[in-house]
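Encoded as structure tokens, the structure appears first; notes follow it.
The values are calculated or read from the model by the stated rules, or taken from the named source; none is laboratory data. Values in this document were obtained by computation on a predicted structure and should not be read as measured data. No Cβ is skipped: glycine too gets one built from the backbone with ideal geometry, and neighbour counts run over all protein chains shown. All accessible areas refer to the heavy atoms of the entire protein, side chains included, with ligands and DNA or RNA removed. Shrake-Rupley method; radii C 1.70, N 1.55, O 1.52, S 1.80 Å.
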Amino acid sequence: MTELTLEFTKSEWWTSNTRFRHWAIEAKLKKQARMKARLAAVEAGLPLVDRAHVTAWISYPRASKADPSNAAPCVKALLDGITDADGYGWVDDDSTHVTAVTYRRGANTGRPGTWVIRLQIEEEDT
């Protein structure tokens, strides 16, 4: 199992509940998250796997009520970024290579305005 941990500030964080005033704002956030994941995958030397199950642990600033699956748009951008990291992670994030994505709540960050997504990548047998 391999892990990749990425931090997000309040200005970088968005969920399926975020209401954007303009499509370009969302596009910019997606591009930033995608680049963050690509760079992190290369820096970590993420091994190339043929098939993987990904568990996304979503950590919030405090212990308030939360729905981790609402982070799906942000997590999807991260998976795309790992795909962009040619030679690392996987060759594509389609259902053949990333067979499932599970969302779980992680420990609170305890830092106001800081969210963390920890991706656990578990290689599956082909």
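A few notes on this one:
- Residue match in the stretch 112-123 (condition: loosely packed, with under 13 Cβ neighbours inside 10 Å, in contact (Cβ under 8 Å) with a residue 40 or more places away in the chain, over 14 Å from residue 4 (Cα atoms) and out of contact with any Phe, Trp or Tyr (no Cβ under 7 Å at 6 or more places or on another chain)): yes
- Tallying residues that are among the hydrophobic types (A, V, I, L, M, F, W, C), over 13 Å from the mean Cα position of the chain (by Cα) and closer than 13 Å to residue 77 by Cα within the stretch 1-38 yields 1.
- Close pairs from the stretch 28-51: first without any contact (Cβ under 8 Å) to a residue 60 or more places away in the chain and of a type in the set (Ser, Thr, Tyr), partner assigned to a helix (DSSP H, G or I) and open to solvent by less than 80 Å² (accessible area, probe 1.4 Å), Cβ under 8 Å, at least 6 apart: none
- Flag for residue 82 being modelled with pLDDT of 95 or more, outside any helix (DSSP H, G or I), of a type in the set (Val, Ile, Thr) and within 21 Å of residue 116 (Cα to Cα): no
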